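Participant: First, the structure itself, so that you have it in front of you.
Throughout, read-outs are computed from the coordinates displayed, never taken from laboratory work. No experiment lies behind these values; they were computed from the predicted model shown. Here Cβ is always computed from backbone atoms with ideal geometry, including for glycine, and neighbour counts include all displayed protein chains.
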Amino acid sequence: VQLQASGGGLVQAGGSLRVSCASSGSTFSSYNMGWFRQAPGKEREFVAAILWSGGSTYYADSVKGRFTVPRDNAKNTLYLQMSSLKPEDTAVYYCAQVWRDGSSWSKFDFGSWGQGTLVTVSS
């Protein structure tokens with residue numbers, strides 16, 4: 001599946017931002033999807049995931065209560081709605097098809113992560 005993340009930008013701490021992930025594949029609605037992020041000098045980490053049906057969502061502890069991960073299967077689009085942003089949320093955000101291995105979420109395939117979209121939160 002081809003994915004394109006967009007919508008990043010500069011936002012002040014405490015603010016909100018929504019990033020999007022558009023899929024060009026016709027089977028988007030069949031995939032569990034998720035967001036990851038990579039801050040400067042740090043490893044990429046899981047942020048949020050949503051099942052193919054939209055029935056269940058999962059979040060990293062660091063964003064729980066502040067981020068939501070809705071999807072619109074009719075538009076083949078995944079979103080990450082971020083609120084109460086903190087400077088430590090500054091990162092490049094990537095979307096991906098995901099799978100669950102026990103209690104952790106991983107990218108489903110070994111392909112490229114794509115460019116991602118940069119979110120910068122100023123203090």
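Participant: Order these peptides, 101-111, 79-89, by their mean beta-carbon neighbour count within 10 angstrom, highest first.
Facilitator: The densest-packed peptide leads the list: 79-89, 101-111.
Participant: Oh, and also: In debye to the nearest 20, how big a dipole does the stretch 21-78 give about its Cα centre with +1 on each Lys and Arg Cβ and -1 on each Asp and Glu Cβ?
Facilitator: Roughly 100 debye, rounded to the nearest 20.
Participant: Relative contact order, percent, of the chain when contacts are C-alpha pairs under 8 Å separated by at least 6 residues?
Facilitator: Taking the mean separation of contacting Cα pairs over the length of the chain, I get 34 percent.
Participant: Residue by residue through the stretch 59-71, what is 3J(HN,Hα) from phi via Karplus (6.51 cos²θ - 1.76 cosθ + 1.60, θ = phi - 60°)? Round to whole Hz and write x for glycine and proline.
Facilitator: Result, rounded to whole Hz: 9, 5, 4, 5, 10, 4, x, 10, 10, 10, 10, x, 9.
Participant: Just the Cα atoms of the chain: what Rg and Dmax do they give in Å?
Facilitator: Reported Rg and Dmax, both Å: 13.3, 40.
Participant: May I pose another question? With a cut-off of 19 Å, note down the residues of the stretch 74-97 whose backbone N falls inside the zone around a label point 7 Å from the Cα of T57 toward its beta carbon.
Facilitator: Residues passing the 19 Å test: 74-86, 89-90, 93-97.
Participant: About its Cα centre, what dipole magnitude does the chain give when the only charges are +1 on Lys and Arg Cβ and -1 on Asp and Glu Cβ, stated in debye to the nearest 20?
Facilitator: 160 debye
Participant: Among DSSP beta bridges whose residues both lie in the chain, state the antiparallel percentage, nearest 5.
Facilitator: DSSP beta bridges in the chain are roughly 90 percent antiparallel.
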